[in-house]
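Structure record follows, encoded as structure tokens.
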Amino acid sequence: MPSFLDYQEAARKRTRVLVALYVLCLAGLVAAFCALVGGAAAMGSSDGLAAFSDPMFFEEIGPALAITALVVLGIVGIATLVKSLQLGGGGCAVAEGLGGVQVSAGTRDPLEKRLLNVVEEMAIASGIAIPAVYVLPGERGINAFAAGTSPNQAAVAVTRGALENLSRDELQCVVGHEFSHILNGDMRLNVRLLSSIFGIVCIAVFGRVIIRLGAEMLARAPRSRKKDDNTAGVALAAMAAGAAIWLLGSLGVLFGRILQSTISRQREFLADASAVQFTRNPVGMASALKTIGAVSRHSSLSSPKAGEVAHMLFAAGGMELLFASHPPLEKRIRRFDPGFDGDYRPVYANLSRRREALMSSAMEEANDDAVALHALLAAAYRPLKRAVREVSHAPAVICGALLDSDSSVRMTQMRALSTGAAAKAYPGLADEAGRWSAQMATLSLRDKVSTCELAVSSLRGEPEERRRALAEALHSVVSADGAVTPLEFAVEQRFRNRLLPPPPVPSVPARNLARPAAAVLRALAAFGANSDEAAEAAFAAGAAALAATFGDIPGSGGGNGATKSDAGKKDGAPDFAQFSEALDALRALSPADKQTFLAACSAVVRADGTLTDDEAVSMAAVADTIGAAGWTA
């Protein structure tokens with residue numbers, strides 16, 4: 001039986017082929033319009049269609065063909081851009097548009113509490129930001145979707161029926177499936193495909209408008225008394241041209257929607273396989289799909305806007321025929337349970353007992369206040385678990401994680417937290433941070449980062465001025481000793497990425513970003529090296545991996561001798577400001593070049609054959625900052 005990794009690679013290959021066919025469909029549409037114009041010009045010439053054999057004919061109509069191609073591409077391009085702006089809003093707007101209600105950290109509903117815990121677990125497992133979480137309270141079918149065009153403004157919505165009918169393992173697989181859509185860029189792909197189809201639809205609409213105008217002109221033609229009035233002929237010609245435009249546009253829409261649906265089905269297979277990768281639970285995925293088949297409402301949504309998010313849903317939200325956005329349920333199940341015979345009756349017979357057991361286990365979990373971090377399960381950490389979910393305490397938890405053990409540095413940090421805008425926005429911030437620091441110091445590096453991630457997600461709803469004030473305070477804490485540690489780098493970057501997202505940047509060729517790429521590689525080499533020679537060897541490994549795409553990497557012929565002990569200091573590796581600026585510049589890389597860069601970074605941290613916690617959290621922060629979130633050790 002193929003593994004989930006095999007299924008992932010197969011789905012990606014098919015998607016690439018289908019996207020190429022989609023581009024060819026658009027190119028074919030342009031070619032068809034050019035052929036239409038060329039045919040009309042030939043019929044109007046004295047030679048008729050024989051004109052196509054005359055090279056001079058194409059020289060004469062060349063400008064007309066170029067204008068035709070530009071007009072068609074212009075209409076499609078402008079319409080696509082407009083639709084992209086409409087669909088490119090945050091995931092929260094999409095979820096709320098379908099009647100979703102955001103789940104707060106303080107919810108008393110045990111099923112919602114379980115959902116929050118599962119979402120946090122999957123965020124940590126997949127290495128991306130914790131999204132906003134919504135429940136569709138009026139939907140009794142089992143379904144879910146992820147919306148938003150980037151990980152930092154995504155939302156995950158789950159129907160009430162899913163909460164009431166899915167076990168914890170099944171819910172985890174469903175949420176993991178949605179996280180895969182975020183991680184694999186499916187939300188952005190869906191927006192582009194929907195927008196492109198809308199652009200082609202506008203071509204067909206344009207044809208209908210011409211037909212209508214021609215019909216109105218023809219209706220007025222009999223009233224004209226001029227002998228040389230050729231209004232009727234012009235009207236008929238306009239109607240014929242409009243009909244041709246409408247027909248070509250409609251055919252383009254038809255093929256576009258078929259390809260879009262086919263692409264969507266492949267991405268569903270990919271998301272299923274990725275969910276199993278996150279959860280390591282193929283049985284849970286198969287069980288979740290079987291439960292959908294057993295529930296009377298299956299996965300259907302009652303919202304009139306369900307069709308708008310059909311390609312985002314975990315399962316088909318309604319009847320689908322020619323343009324089915326999801327593979328058949330049985331086919332998805334057999335990927336993980338080859339022996340499934342399509343009989344849902346055994347699952348249906350146990351639904352009532354399952355619901356009672358699910359509610360009981362959810363209440364038990366809520367009372368135990370379980371969270372994703374195993375280190376926080378002990379009773380001693382329960383105050384910390386509550387604090388990371390509360391806006392009034394989360395800032396102090398984050399700052400407490402970064403307080404230094406050196407008394408002189410700590411004094412400088414506490415002074416920074418006691419003054420400025422952050423101290424006014426969060427009274428008692430310094431003292432509370434000092435109290436949390438002792439407990440945070442007992443956690444492992446990865447658990448510290450994960451705890452701060454949970455705290456940062458709790459601040460998503462804070463006013464911008466308070467978030468910026470806290471960002472300044474964090475920067476003061478990090479820079480108090482003139483150096484930066486992997487923990488400080490990871491926490492500050494995640495805070496910035498989650499709560500102060502930068503504006504979009506245009507794509508820049510990789511060869512123009514060789515210098516910032518070198519700065520990041522140099523810093524990563526310093527984080528993981530225990531000698532000058534080891535740091536230089538690690539940097540050289542990364543530079544070699546970039547050479548083909550980025551060209552000459554500055555410093556690859558000789559290093560500055562940065563070591564692990566001086567990582568982030570101005571006399572060693574680039575200081576934090578330089579490191580942060582370099583990462584911000586690398587946001588402009590294309591998606592493919594980002595993956596190349598991450599591979600080079602991985603070569604740096606694995607150059608000595610080991611991957612330390614320092615290196616792992618630094619790599620995850622690099623991936624998250626440049627917009628290629630999802631790197632995991």
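The values are calculated or read from the model by the stated rules, or taken from the named source; none is laboratory data. Quick caveat, the model's predicted, so the values are computed rather than measured. So basically every Cβ, Gly included, is an ideal-geometry build from the backbone, and we count neighbours across all protein chains shown.
Structure notes:
- Restricting attention to the stretch 109-159 and to residues that are free of Cβ contacts under 8 Å to residues at least 40 places away in the same chain and not in a strand (DSSP E or B), the residue that is surrounded by the fewest Cβ atoms within 10 Å (Cβ to Cβ) turns out to be 137.
- Single residue of the stretch 237-283 satisfying the filter (surrounded by fewer than 16 Cβ atoms within 10 Å (Cβ to Cβ) and either among the basic types (Lys, Arg) or at pLDDT below 80 (or both)) that is nearest to residue 203 (Cα to Cα): 237
- Failed item, numbered, when residue 427 is tested on (1) part of a helix (DSSP H, G or I); (2) free of Cβ contacts under 8 Å to residues at least 24 places away in the same chain; (3) surrounded by fewer than 16 Cβ atoms within 10 Å (Cβ to Cβ): (1)
- For the stretch 173-215, a tally of residues being within 30 Å of residue 129 (Cα to Cα) and charged (D, E, K, R) returns 4.
- Meets criteria (modelled with pLDDT of 90 or more, of a type in the set (Gly, Ala, Ser) and either in contact with a Lys or Arg (Cβ under 9 Å, 6 or more places away or on another chain) or on the phi < 0 side of the Ramachandran plot (or both)) for residue 378: no
- Test: residue in the stretch 81-102 that is assigned to a helix (DSSP H, G or I), at pLDDT 90 or above and surrounded by 22 or more Cβ atoms within 10 Å (Cβ to Cβ): no
- Residue within the stretch 404-420 that is in contact with a helix residue (DSSP H, G or I) (Cβ under 7 Å, 6 or more places away or on another chain), at pLDDT below 90, outside any loop (DSSP other than H, G, I, E, B) and under 20 Å from residue 478 (Cβ atoms) present: yes
- Residue 62 being modelled with pLDDT under 85, farther than 30 Å from residue 365 by Cα and in a loop (DSSP other than H, G, I, E, B): no
- Meets criteria (closer than 30 Å to residue 121 by Cβ, among the basic types (Lys, Arg) and part of a helix (DSSP H, G or I)) for residue 494: yes
- Residue list for the stretch 131-155, filter: modelled with pLDDT of 85 or more and within 21 Å of residue 451 (Cβ to Cβ): 131, 132, 133
- Candidates 487, 474, 521, filtered to the one that is in the same structural domain as residue 616 (by TED's automatic domain parsing) and either among the aliphatic types (A, V, I, L, M) or not in a helix (DSSP H, G or I) (or both): 521
- Of the criteria (1) part of a loop (DSSP other than H, G, I, E, B); (2) in contact with a Ser or Thr (Cβ under 9 Å, 6 or more places away or on another chain); (3) of a type outside the set (A, V, I, L, M, F, W, C), which one residue 300 fails: (2)
- Sole exception among (1) surrounded by fewer than 22 Cβ atoms within 10 Å (Cβ to Cβ); (2) in contact with a helix residue (DSSP H, G or I) (Cβ under 7 Å, 6 or more places away or on another chain); (3) touching a residue at least 60 places away in the same chain (Cβ under 8 Å) for residue 215, by number: (3)
- Count - residues of the stretch 424-455 that are more than 28 Å from residue 152 (Cβ to Cβ) and among the small types (Gly, Ala, Ser): 5
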